Amino acid sequence: MRNLLADPAVTVRVGERRFGARARVVATTERLYDRVRASMIAKYGWGDGLVVELAPDA
């Protein structure tokens with residue numbers, strides 16, 4: 001597993017499409033963290049693990 005804090009550059013694949021992005025670990029104190037975790041629990045029945053935000057490269 002990559003260390004996203006040391007190198008946030010990642011490649012993302014959605015279906016057949018690939019693109020570069022920047023990854024950011026979302027702090028547990030951020031509102032985004034709670035929203036993502038609640039969505040994961042509602043959709044998949046689990047919400048444990050690292051919450052990461054991906055921002056596509058321009």
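Every read-out reported here was derived from the displayed coordinates using simple, explicitly stated rules and does not represent laboratory data. Not measured: the values here are computed from a predicted model. FYI the Cβ positions are ideal-geometry reconstructions off the backbone, even for glycines, and counts take in every protein chain you see.
Just in the chain: which chymotrypsin sites (Phe, Trp or Tyr not before Pro) are loop by DSSP and have at most 13 other Cβ atoms within 10 Å?
Working: sites: PHE19, TYR33, TYR44, TRP46; in loops: TRP46.
Those satisfying the criteria are TRP46.
Extending 7 Å from the Cα toward the beta-carbon at both LYS43 and THR29 defines two label points whose distance is 2.8 nm.
Relative to the longest principal axis of the Cα atoms of the chain, the long axis of helix 31-44 makes an angle of roughly 80 degrees.
What is the gain in length, in nm to one decimal, between ALA21 and LEU4 on full extension, counting 0.36 nm per residue of separation less the C-alpha to C-alpha distance?
On the way: separation 17, 0.36 × 17 = 6.12 nm, distance 1.16 nm.
The ALA21-LEU4 span can extend by a further 5.0 nm.
Given that compact globular proteins tend to follow 2.2 N^0.38 Å, what is the ratio of the alpha-carbon Rg of region 9-56 to that value?
Details: Rg = 12.2 Å, N = 48, 2.2 N^0.38 = 9.6 Å.
Taking N as the residue count of region 9-56, the ratio is 1.27.
As a length-normalised measure over Cα pairs under 8 Å and 6 or more apart, the relative contact order of the chain settles at 34 percent.
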